[in-house]
Amino acid sequence: MIGTIVALAHATPMVPIDRGRYTPLYGEAETSVAVEAFELDAFPVTNREYAAFVQKHPKWSRSRIAPLFAETSYLSHWEGDSEPGAAAPPDSPVTHVSWFAARAYCRARGARLPTLDEWEYVARANATSTDAVGTPGFERLILDWYAAPGSLPLPPVGTKAANAWGVHDLHGLVWEWVEDFNSVIGTGESRKDGSIDRKLFCAAGAVGAVDPADYAAFVRYATRSSLEARHTMKTLGFRCAKDSE
């Protein structure tokens with residue numbers, strides 16, 4: 001049990017995302033998934049915001065978090081329990097956080113982590129279109145970022161233009177936790193494919209994708225499948241979402 005969460009004030013703006021449909025990477029080519037309207041953080045959660053959360057909820061500090069909820073690298077680049085320091089500038093995205101911790105932070109804001117479908121739906125947008133998949137250069141830019149070595153400190157959030165939804169930094173800054181990050185492996189039937197686990201763990205996996213050219217999405221699915229909820233990474237952060245009222 002994570003326990004009671006005290007409400008947390010926040011400054012991160014949320015933007016409305018209209019309902020729609022999209023075809024997941026490992027769905028049937030003729031089958032799309034409905035995504036209901038929701039709200040999503042315009043930016044990833046920053047070190048400043050996460051430090052405020054830790055101060056209100058010391059059980060999620062580096063020295064007090066239970067091993068069940070995070071591995072030893074949790075917030076390992078911070079100078080102290082609530083002092084991010086030079087390696088974690090206040091306006092840069094918080095990283096080295098586990099799924100458990102990210103989920104607790106969003107709960108403290110009266111929000112939640114976005115679902116995999118919500119995240120992928122919004123991530124299809126570029127600066128001018130809410131569905132840029134197949135647009136020349138779109139996947140290439142994402143793959144170039146995936147191939148670049150990660151290093152700290154990370155740049156501040158929002159330094160690049162927003163996509164057509166008004167959301168910043170879904171690509172090019174950090175990987176991000178989603179609520180059901182391992183659902184493709186755990187529930188293959190949700191993508192109408194009982195052999196998804198085998199496809200993701202072989203180099204030929206992209207051949208079975210709905211759009212073999214969308215290798216960027218394949219990399220995301222494969223990376224998520226390798227995670228456990230207590231894992232942390234120096235380039236893995238998160239943002240929050242909530243249902244539309």
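Could you order peptides 228-238, 170-180, 124-134 by the average number of other Cβ atoms within 10 Å of their residues, highest first?
Going by the mean number of other Cβ atoms within 10 Å, highest first, we get 170-180, 228-238, 124-134.
Backbone phi angles across the stretch 224-241, fed through the Karplus curve with coefficients 6.51, -1.76 and 1.60 (θ = phi - 60°), yield HN-Hα couplings of 4, 5, 8, 8, 10, 5, 8, 5, 9, 9, 6, 10, 10, x, 5, 9, 10, 9 Hz in residue order; Gly and Pro are listed as x.
Cα convex hull of the stretch 50-178: mean projected area in nm², to one decimal?
So the mean shadow area of the Cα hull is 8.4 nm².
Dimensions of the stretch 33-88 along the principal axes, based on C-alpha atoms and rounded to the nearest Å, stand at 42, 27, 20, largest first.
Place the peptides 112-120, 148-156 in order of packing, highest mean first, counting for every residue the other Cβ atoms within 10 Å and averaging per peptide.
Those peptides, ordered most packed to least, come out 112-120, 148-156.
We did not get these values from a lab; they are worked out from the coordinates using the rules stated. On a predicted model such as this, the values are computed, not experimentally measured, just so you know. Here the Cβ is made from the backbone with ideal geometry for all residues, glycine too, and neighbour counts use every protein chain on show.
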